[in-house]
Amino acid sequence: MECGIAKKIWGRSSEYGIQYKFMICDGDNKAYSSIWDMYGCCDLCEKWENMDKRSKEYKKWVESDDYQKWRESHNSGEVECDRAMKLDCIGHVQKRMGTHLRDLRKRKKNPERWKVSQGQDKFCPDGNDSWCSYKRQGTLERKDHHLDPVFLDLLLPEFKRLSEYSLLLRCLPGYSQNVNESLNSLVWNRAPKHRFKGPKSVEIAAMSAVLQFNSGASSRYQVMEAAGIPAGVFTSQGSAKKDKTRIFHSAKKAATCEKVRRRKIRQAKLAADMRDEGECSYSSGKFRSSGSSGVRKLG
């Protein structure tokens, strides 16, 4: 969500006497930073929210008991604070972690090439000053942990940050922005991005999308009646058919067997992509069929 749109929505809610308590967004969303204190906040929130989240002081506060007390007091409503709380979208967390895991898997795709083969040490220089540990000691030391302790200073803080109780607690509800994306798709179906549309056309498309999203295709009847265009038989039949088809597909996608089928399709697609990436471009006899001799007869 854009910052300007978020400010407009939150500001308009105050006019109607409504206050939004939560906002579902990704971790570094700028829109949340622009509206979190629009209704007012306490002094403690003012202090910590404006602080750099990467600073040692902020990280120390998050790991302390004061942070748990602050969170419990705000969730229970004991403190007079009208700030908007942020709920992380589980989809963004999955994408970030999935990207890191896929990159790591690509790096370690061929672990066989890192294994030490017998007889390779004969090419290493002899002597006590040799860089080869086998030539220096006469034995090959096998390491269960291939990372030296010096890397712990860099990796341990990252693992601690990713396994923080507060982060896992925010991911536990499993919130997603699928509803927002579904509404956006209805808007772009009426006003495609690749074609220029004026502000009035986009506004009408957004209103029509909200009507259909909330009440289905039959919600247009009241708009047509207000415009002096009563809905006919074909309009009623078409709208009813659209609503029936939408409900049928929604129930089908929510079924367990359909979820399993989609999961198998995704896994098969990932396996095919991995085979394509790992397939070598040349090998002996690779492009020669089993029954051909490699000679083509002419006419």
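Computed from the coordinates by the stated procedures, all read-outs in this text should not be read as laboratory data. Keep in mind it's a predicted model, so treat the numbers as computed, not measured. Cβ sites come from the backbone with ideal geometry, for glycine too, and all protein chains shown count toward neighbours.
Ranked highest first by average number of other Cβ atoms within 10 Å, how do 212-224, 5-17, 150-162 line up?
Details: 212-224: 15.1, 5-17: 12.3, 150-162: 9.9.
The most tightly packed comes first, giving 212-224, 5-17, 150-162.
Based on the alpha-carbon set only, what is the convex hull volume of the range 179-245 divided per residue, in Å³?
Spelled out: Cα convex hull of the range 179-245, divided by residues, is 102 Å³.
Starting from the Cα of Gln222, step 7 Å along the direction of its Cβ; do the same at Ala272; then give the gap between the two resulting points in nm.
About 4.6 nm separates the two model spin labels.
How many nm separate the modelled label positions at Met51 and Lys242, each set 7 Å beyond the Cα in the direction of the Cβ?
Roughly 5.2 nm, to one decimal.
So for each of 244-252, 60-68 I average, over its residues, the number of other beta carbons within 10 Å; can you give me the resulting order with the highest mean first?
Highest-to-lowest ranking by the protection proxy: 60-68, 244-252.
Quick one: what Rg and Dmax do you get for the range 1-58 from the alpha carbons, in Å?
Answer for the range 1-58, Rg first and Dmax second: 12.6, 41 Å.
Find how much the distance from Phe234 to Val79 grows on full extension, using 0.36 nm per residue of separation minus their present alpha carbon separation; answer in nm with one decimal.
Length gained between Phe234 and Val79: 50.1 nm.
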